[in-house]
Amino acid sequence: MTKTIKLLVLLLITSIALNAQNTVIKAGHVFDAKTGKMLDNQIILIQDGKIKEVGTNLKYSENDTFIDLSDSWILPGLMDCHVHVTTNVTYRIMDIYKKYATESNGLRAIRGSVVAKQFLDNGFTTIKDIGNDGNYATADVIKAIKYGWTEGPTIIYSGKIIAPYGGQTYGINLENEHFWDFEYIDADTPDEIIKAIRKNIYYGATTIKMVTGDNGIYNSEDIQAAVDEAKKYNIKVTVHAIGGLGATNVILGNAAAIEHGFELNNEQLQLMKDKGIYLVGTDFAYDNWYAYGMDEKTSQLATNMIVDRLQRAYKIGTPMAFGTDIIIDLPELNRVQSGLKVLENWKAAGIPASYILQTMTLYAADLLGIEKERGVLEPSYYADIIAVKQNPLLDIDNIKTVHFVMKEGKVIRKD
Ligand SMILES: [Zn+2]
């Protein structure tokens, strides 16, 4: 062999050896999302961004990068299935139209990248961002994360919200008709819905979000047309519906999920269970309602309604995936901390912490269509891994003690 070839071979061997280097996490307790239980004293081996092995007696080499989390509780990265990273409404001032009119798409994208990072730093390694993002501002946030300009979670993204004429605006004068085009696509027939879906996909959508019952109600045929169109591209349709006929049509039209569903009755919740349709409950706590400018009494009534609906859905067995839908930061709290207020309602409804964690991992991944990639800590899954300081099965609020975040094998936070 010539000297050059020898050198090349040496370089090749060295690089193979480097690539083969694992990261090893020594884990005190690991949450098994499938059983809802903690496994003690586990070793997690990570290679090339994915989990290679998990077990008690795994061998690892001295060259591996070693992370000691033996005093922590390790969970799959959490997921929030209802987020709007680029939107912000002022505390107790419902100034959303003003924000639509005065905040440029660029400004919205910058906010989105900041909020996306807050999610990642607080343990949410996947979020579903479903519209109200100006002219596809979230698509730019996703690109910035992909280019490595900023760090953020995996974002399942809807593009613009598809809705009957008027979107979610009310009382706009005719002189300002289509003011809402900045946030919504008007679609009143199956043909218009199909066109809107294709437009969203062109601009980066990986899920479809519709709104029904705010301005106009979709028929089940409208929803089914959307589901059929989205299916061609292997993506799902999720629909904002509060209750009543609008929600029934969403269920009969076979959408993947209902967002909010505050007024769903037991028959509807049962039908969702029978059809495997998820509820993303966006279960606002008292402080979240109050943030919208409601008085104390109305905030309490709204909170009671949520706790009741959560209890009924859990009892009936409606599939649930965790979602917060917070667009108002509470005083002194960031977006994620404001969102985690909803846990007050889950606790008030008596829902076990293990189940809540499953709605944030296993079930969320199933709804988002990423159940073969994320949501559990098993071989071949992405190494989206977080650690908390106290046992979240004893109190779900302990997920607020995140001190370690790994995204696809890369350490984002370790303190
Ligand atoms: Zn929302």
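Note on the range 377-390: residues that are hydrophobic (A, V, I, L, M, F, W, C) and open to solvent by 10 Å² or more (accessible area, probe 1.4 Å) amount to 1. So Asp222 ticks every box in (1) open to solvent by 20 Å² or more (accessible area, probe 1.4 Å); (2) farther than 20 Å from Thr318 by Cα but one. Which box is left unticked? For Asp222, the failing item is (1).
Scanning the range 290-304 for residues that are without any contact (Cβ under 8 Å) to a residue 40 or more places away in the chain, outside any helix (DSSP H, G or I) and crowded, with 16+ Cβ neighbours inside 10 Å yields a single hit, Met294. Taking the criterion of being open to solvent by less than 30 Å² (accessible area, probe 1.4 Å), over 26 Å from the mean Cα position of the chain (by Cα) and away from the ligand (no atom under 16 Å from the Cβ), would at least one residue in the range 85-104 satisfy it? No, the range 85-104 contains no residue that is open to solvent by less than 30 Å² (accessible area, probe 1.4 Å), over 26 Å from the mean Cα position of the chain (by Cα) and away from the ligand (no atom under 16 Å from the Cβ). Within the range 268-287, residues that are more than 25 Å from Ile326 (Cα to Cα) and of a type in the set (Lys, Arg) sit with their Cβ atoms under 6 Å from residues that are open to solvent by less than 10 Å² (accessible area, probe 1.4 Å) and away from the ligand (no atom under 16 Å from the Cβ), at 6+ positions apart or across chains, in these pairs: Lys273/Thr318. In the range 124-141, the condition of being part of a helix (DSSP H, G or I), open to solvent by 40 Å² or more (accessible area, probe 1.4 Å) and in contact (Cβ under 8 Å) with a residue 40 or more places away in the chain is met by no residue. Scanning the range 238-249 for residues that are open to solvent by less than 10 Å² (accessible area, probe 1.4 Å), hydrophobic (A, V, I, L, M, F, W, C) and away from the ligand (no atom under 15 Å from the Cβ) turns up just one, Ala247.
Taking residues in the range 148-175 that are in contact (Cβ under 8 Å) with a residue 24 or more places away in the chain, and partners anywhere that are surrounded by fewer than 22 Cβ atoms within 10 Å (Cβ to Cβ) and among the basic types (Lys, Arg), the pairs with Cβ atoms closer than 6 Å and at least 6 places apart or on different chains are Glu151/Lys117; Gly152/Lys117. Scanning the range 250-278 for residues that are in contact with a Phe, Trp or Tyr (Cβ under 8 Å, 6 or more places away or on another chain) and farther than 13 Å from Arg312 by Cα returns Val250, Gly253, Ala256, Ala257, Ile258, Tyr278.
Regarding Asn254, is this residue polar (S, T, N, Q), outside any helix (DSSP H, G or I) and away from the ligand (no atom under 16 Å from the Cβ)? When the stated conditions are applied, Asn254 passes them. For Asp384, state whether it is of a type in the set (D, E, K, R) and under 11 Å from Gly77 (Cβ atoms). Spelling it out, Asp384 is indeed of a type in the set (D, E, K, R) and under 11 Å from Gly77 (Cβ atoms).
Of all the residues in the range 257-289, those that are assigned to a loop (DSSP other than H, G, I, E, B), under 17 Å from Ile208 (Cβ atoms) and within 16 Å of the ligand (Cβ to nearest atom) number 0. For first residues located in the range 339-362 and touching a residue at least 40 places away in the same chain (Cβ under 8 Å) and open to solvent by 20 Å² or more (accessible area, probe 1.4 Å), partners that are of a type in the set (Val, Ile, Thr) and not in a helix (DSSP H, G or I) and lie 6+ apart or on another chain with Cβ distances below 7 Å form the pairs Leu362/Val376.
The values are calculated or read from the model by the stated rules, or taken from the named source; none is laboratory data. Model, not experiment: these values are computed from the prediction. FYI the Cβ positions are ideal-geometry reconstructions off the backbone, even for glycines, and counts take in every protein chain you see. Side chains are part of the model used for accessible areas, which takes the heavy atoms of the whole protein and leaves out ligands, DNA and RNA. Shrake-Rupley method; radii C 1.70, N 1.55, O 1.52, S 1.80 Å.
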